[in-house]
Every structure is written in structure tokens, then in C-alpha cells.
Amino acid sequence: MINPYYKRLFIIGLLVICLGMVSGCAGYPRLLNLPPDLRVNSVNSPSTEMNPQISSDYLVFASDRQGRQDIYLYDLQQLELIDLPGLNSIDAIAIEPAISTDGNYIVFNSTRGGQSDIYLYNRNTRQLRNLTDNLNAQVRHPTINADASVIAFESSLNGQWDIVVYNRYGQALNIP
């Protein structure tokens, strides 16, 4: 018999995932029928799971399940979390992840020492790149295109929130 508390968390988790999918990539909304699992390595946990985004085979989300807010990647085929070495940092708060279609690139917002930056993580090379290191502004809400060649986010560079578009190497693109 499943504890009613965990059953409620599972149902809430599914609703959050479904609601988070309303505005995003093609194929939304999509109902994920993930089995209840009380292990720490499952997609549903007693912790807060935030900002879920989905690609074809992966679900990326932020969670405070280890006492700090980190980014997690869940394999929808294998039904397990995937290790992301070098992505999360003990001195940063990671939020708002987005993922490329093939699941190889994750972009997210991270705040450290009161400064927010947009990071791009390459799962193949395990490289983490700060895309906005030279941008003296607050940033938020990153998104990534299907092949991870373009990243868009909001920036307060001119005292107002504007949309900025970069390539995956951290170079601003001049889009009229």
C-alpha cells in the first residue's frame, strides 16, 4: 500500500509536469505516465520539483532534493535519473532548465553571490559554459532551440527586460 502522502506527491508531480508542458516545444501537451517510485533517484520525490521541460526522451527539471537547488535529468526510456557531472555547484542556485531535442545540451539560469548567469552544459563533453559572464545585467528564462545552436533569454541590460539571443559559444546574435 502506498503512503497517501507520497501518492498525493506523485499526482501533484504529474500535474506540474503536464502544466509545465503547455508552453514549450512541439508535442505539448504530453501526458507522462511515470510509475510511482519512492526512491531518491526517481522523478517523483518528497522534494520540490520545478520548471520541468521535456525533449523526446528526457525530462529536465530543478529540484531541492539534496538540500540545495540543482538541475536533474530524467531518462524517460530507462526511467532513471542521469548523472550530470560538473553541472551543479554547491554555491549556486540553479533554476529554469531547458533541453535540446537530442538531450545533449541543457541551458539554465544559475545565481551565485547575487549575480544571475545563463549556463550551457554539454553532456557529451561534460563542459559547463557561462554564456553571460561578460554581460553586466540580470538574466532569466533561458530557452534553447532543437539543435542547441541558439539560446534566447531575458536580460535587464538597459534597465528593462529585453530578449537576447546568443549562439552556443556565448556570442550575441544580431537579429533584427
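A compact table of results
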| read-out | value |
| --- | --- |
| GLU80, sole failed condition from (1) at pLDDT 90 or above; (2) open to solvent by 60 Å² or more (accessible area, probe 1.4 Å); (3) of a type in the set (Asp, Glu) | (1) |
| Selected residue (criterion: nearest to ALA146 (Cα to Cα)) from residues of the range 87-111 that are open to solvent by 30 Å² or more (accessible area, probe 1.4 Å) and among the β-branched types (Val, Ile, Thr) | THR101 |
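The values are calculated or read from the model by the stated rules, or taken from the named source; none is laboratory data. Worth saying up front: this structure is predicted, and the values here are computed from it rather than measured. Please note that ligands, DNA and RNA were not included when accessible areas were found on the heavy atoms of the full protein model with its side chains. Shrake-Rupley method; radii C 1.70, N 1.55, O 1.52, S 1.80 Å.
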